[in-house]
Amino acid sequence: MSPHILDNALGAVGNTPLIRLDKVAAQLGVKCNLLGKIEFLSAGGSIKDRIAKAMIEAAEKEGKLIPGQSVVIEPTSGNTGIGMAMACAIKGYRCIITLPNKMSLEKEAALRALGAEVVRTPTEAAWDSEESHIGVAKQLQRKIPGGIILDQYRNVNNPLIHELTTGPEIIDAVVSTPSTPARPSSGKVDVVICGAGTGGTITGVSRAMKRTHNKECIMVGVDPKGSILALPESLNTADNGAQYVVEGIGYDFIPDVLSRDPMDVDSWIKTDDEEAFAAVRVLMRSEGLLVGGSSGSALSGAEKWFKTEAGQRVAQTEGMNVVLVLADGIRNYMSKPWFLSMALEAKPSELFGAIAEALKKEGN
């Protein structure tokens, strides 16, 4: 959070806070420090702002983007597209985003508001088919003059920017917060838990942690049931091909930027929609954090991991620092049935009767 006047919105990408999740930790019965990296406070609303900015600025330095000619085309589940559209609006590039049908209307609206063109594709299309969001993007690139795909699935700047910014921000926040009798700390990042989509976040953050900070840091990847990113492969077989509602994590192929090397990702946890959305409610009602579905996946994954042998040891050790990467906010999901059900169809609170009684007209 810069105290200075910024030249444009790209200066407000990243530098997000790390916040204690003490109430959630108490509900889970864990003694370790549970911390949330709050990425919805980035300018475009998600952790994907970082890679959009990085990929565009790297392409500019390499001469791949030409002002007035280049058309940035990107297949995405939405958040990378919003980051791209924001950067293109600032820098003056035209932008086309290809987006699977399951992604929220809010994402499309935000993209169009930023000046991007949006092309929807069938959710069920295999990643390597011409009808998928990736296949359609490639068709557009071939036929539209100046079209360029910066390709978050293969672009080295995706994991690199997390190695250079997201990881160090987490490290700096933990290291610079002193240990006290009331709030003991190991003085280092002991565990990071985050959802995996392209895999850039977990790969880059892992490299920052293990190469320069704490080689013993445990990296836990969270993968939705129906996706195939987790290891061992047996974790994926029971629900292989199943559709899931949560957005932004999971794939039916292994992106090039995702390292599944056990040296980078120590453990994988599978989660489902129901437990993810229940965890969103917990984060909202307990910590006041208006997060999206994948943040719920991260929390529900953490709850499962804390029940493993390694997780139990960490959970019951005061001062160990466990970081959840909370990738985006609720802005993009407020019309989704799962959110409307949670927000508008919940059981009345104990105040409902008191309100009705207070507003009752005399004589009735």
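The values are calculated or read from the model by the stated rules, or taken from the named source; none is laboratory data. Keep in mind it's a predicted model, so treat the numbers as computed, not measured. Every residue, glycine among them, receives a Cβ derived from its backbone with ideal geometry; neighbour counts consider all protein chains shown.
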Residue 126, sole failed condition from (1) in contact (Cβ under 8 Å) with a residue 60 or more places away in the chain; (2) in contact with a helix residue (DSSP H, G or I) (Cβ under 8 Å, 6 or more places away or on another chain): (2)
Filter pass, residue 13 being of a type outside the set (Phe, Trp, Tyr), closer than 23 Å to residue 99 by Cα, assigned by TED's automatic domain parsing to the domain that holds residue 306 and in contact with a helix residue (DSSP H, G or I) (Cβ under 6 Å, 6 or more places away or on another chain): yes
Yes/no for residue 110 being closer than 27 Å to residue 278 by Cβ, of a type in the set (A, V, I, L, M), in contact (Cβ under 8 Å) with a residue 24 or more places away in the chain and not assigned by TED's automatic domain parsing to the domain that holds residue 328: yes
Residue 80 vs. criteria closer than 30 Å to residue 278 by Cα, within 18 Å of the chain's Cα centre (by Cα), among the hydroxyl-bearing types (Ser, Thr, Tyr) and outside the structural domain of residue 319 (by TED's automatic domain parsing): yes
Which listed residue, of 113, 89, is farther than 26 Å from residue 243 by Cβ, touching a Gly at 6+ places or on another chain (Cβ under 6 Å) and modelled with pLDDT of 95 or more: 89
Flag for residue 136 being within 23 Å of the chain's Cα centre (by Cα), over 17 Å from residue 39 (Cβ atoms) and at pLDDT 95 or above: no
Residue list for the range 29-45, restricted to those being more than 27 Å from residue 314 (Cβ to Cβ) and touching a Gly at 6+ places or on another chain (Cβ under 7 Å): 42, 44, 45
Close pairs from the range 250-265: first surrounded by fewer than 16 Cβ atoms within 10 Å (Cβ to Cβ), partner not in a loop (DSSP other than H, G, I, E, B), Cβ under 6 Å, at least 6 apart: none
Selection count, the range 316-343, where residues are touching a Phe, Trp or Tyr at 6+ places or on another chain (Cβ under 9 Å), modelled with pLDDT of 95 or more and of a type in the set (Ser, Thr, Tyr): 1
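When only residues in the range 84-95 that are buried (at least 20 other Cβ atoms within 10 Å of the Cβ) and in contact with a strand residue (DSSP E or B) (Cβ under 7 Å, 6 or more places away or on another chain) count, which is nearest to residue 13 (Cα to Cα)?
Of the range 84-95, the ones buried (at least 20 other Cβ atoms within 10 Å of the Cβ) are 84-88, 93, 95.
Then drop every residue that is not in contact with a strand residue (DSSP E or B) (Cβ under 7 Å, 6 or more places away or on another chain), which leaves 84-85, 88, 93, 95.
Numbers: 84: 12, 85: 14, 88: 14, 93: 19, 95: 19 Å.
Selected residue: 84.
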The range 309-338, subset without any contact (Cβ under 8 Å) to a residue 24 or more places away in the chain and surrounded by fewer than 20 Cβ atoms within 10 Å (Cβ to Cβ), residue farthest from residue 217 (Cα to Cα): 337
For residue 74: the one exception among (1) acidic (Asp, Glu); (2) out of contact with any Lys or Arg (no Cβ under 9 Å at 6 or more places or on another chain); (3) surrounded by fewer than 23 Cβ atoms within 10 Å (Cβ to Cβ); (4) modelled with pLDDT of 95 or more: (3)
Among the candidates 131, 117, residue that is surrounded by fewer than 19 Cβ atoms within 10 Å (Cβ to Cβ), touching a Pro at 6+ places or on another chain (Cβ under 6 Å) and either β-branched (Val, Ile, Thr) or on the phi < 0 side of the Ramachandran plot (or both): 131
Failed item, numbered, when residue 125 is tested on (1) in the same structural domain as residue 201 (by TED's automatic domain parsing); (2) surrounded by 16 or more Cβ atoms within 10 Å (Cβ to Cβ); (3) assigned to a loop (DSSP other than H, G, I, E, B): (1)
Checklist (1) more than 30 Å from residue 209 (Cβ to Cβ); (2) out of contact with any Leu (no Cβ under 7 Å at 6 or more places or on another chain) applied to residue 172, failing item: (1)
Positions within the range 96-106 being touching a helix residue (DSSP H, G or I) at 6+ places or on another chain (Cβ under 6 Å), surrounded by fewer than 24 Cβ atoms within 10 Å (Cβ to Cβ) and either more than 14 Å from residue 248 (Cα to Cα) or of a type in the set (D, E, K, R) (or both), in sequence order: 106
Hits in the range 219-244 - residues which are surrounded by fewer than 23 Cβ atoms within 10 Å (Cβ to Cβ), β-branched (Val, Ile, Thr) and at pLDDT 95 or above: 228
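If I ask for residues that are among the acidic types (Asp, Glu) and within 19 Å of the chain's Cα centre (by Cα), which ones from the range 91-133 would you list?
The answer is 106, 108.
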